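The values are calculated or read from the model by the stated rules, or taken from the named source; none is laboratory data. Quick caveat: nothing in here was measured; it's all calculated off a predicted structure. No Cβ is skipped: glycine too gets one built from the backbone with ideal geometry, and neighbour counts run over all protein chains shown. With ligands, DNA and RNA removed, areas are computed over all heavy atoms of the protein, side chains included. Shrake-Rupley method; radii C 1.70, N 1.55, O 1.52, S 1.80 Å.
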Amino acid sequence: MTDSSTRRTVLVTGAAAALTAGCSKYGDSNDSSGSSSVKASGGQELAKTSDIPVGGGKILKAQKIVVTQPKKDEFKAFSAICTHQGCTVSAVANGTINCPCHGSKFNIADGSVAGGPAPKPLPAEQIEVEGNSIRLA
């Protein structure tokens, strides 16, 4: 005969483990493709200026950074992790950085929320532009 408190403990523990496993993609070090990613360090080259279109941007999934060029020769960088539920943004189009998970959109000029459900802007990353090279500061 099974003790009801033991059975309840097993059920609760199993449910908690399943919930943790289902949410783990939001806090781990893997990008959406499942490959390991490394946070870029200061001084590391992120891209060439010619790689970043005016009015658009480029997502650097391995570094979890998006670099934009809102106006000619004005470069910005932001975290590529959506502030809604931690998905990696997937596109830069029509002046916004777009998240595929729930449709959040962020302005390429300042990372502010252009469309929800994201509750806050993308955090800015510090960059330096030297010649044709964009590096983390």
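Taking every residue in segment 84-112 that is over 11 Å from L122 (Cβ atoms) and in contact (Cβ under 8 Å) with a residue 60 or more places away in the chain and pairing it with any residue that is among the basic types (K, R) and surrounded by 14 or more Cβ atoms within 10 Å (Cβ to Cβ), at least 6 positions away or on another chain, the pairs with Cβ-Cβ distances below 9 Å are G86/K25; C87/K25.
Among the residues of segment 69-121, those that are aliphatic (A, V, I, L, M) and over 27 Å from G131 (Cα atoms) comprise I81, V89, V113, A114, A118. The number of residues in segment 67-79 that are open to solvent by less than 60 Å² (accessible area, probe 1.4 Å) and touching a residue at least 40 places away in the same chain (Cβ under 8 Å) comes to 6. Does K64 fit the bill of being open to solvent by 60 Å² or more (accessible area, probe 1.4 Å) and touching a strand residue (DSSP E or B) at 6+ places or on another chain (Cβ under 8 Å)? It is false that K64 is open to solvent by 60 Å² or more (accessible area, probe 1.4 Å) and touching a strand residue (DSSP E or B) at 6+ places or on another chain (Cβ under 8 Å).
Of all the residues in segment 128-137, those that are open to solvent by 40 Å² or more (accessible area, probe 1.4 Å) and not in a loop (DSSP other than H, G, I, E, B) number 4.
If you check G55, G95, G42 for being modelled with pLDDT under 95 and open to solvent by less than 80 Å² (accessible area, probe 1.4 Å), only one passes: G42. Mind checking which residues of segment 80-92 are open to solvent by 50 Å² or more (accessible area, probe 1.4 Å) and not hydroxyl-bearing (S, T, Y)? Across segment 80-92, the qualifying residues are H84, Q85.
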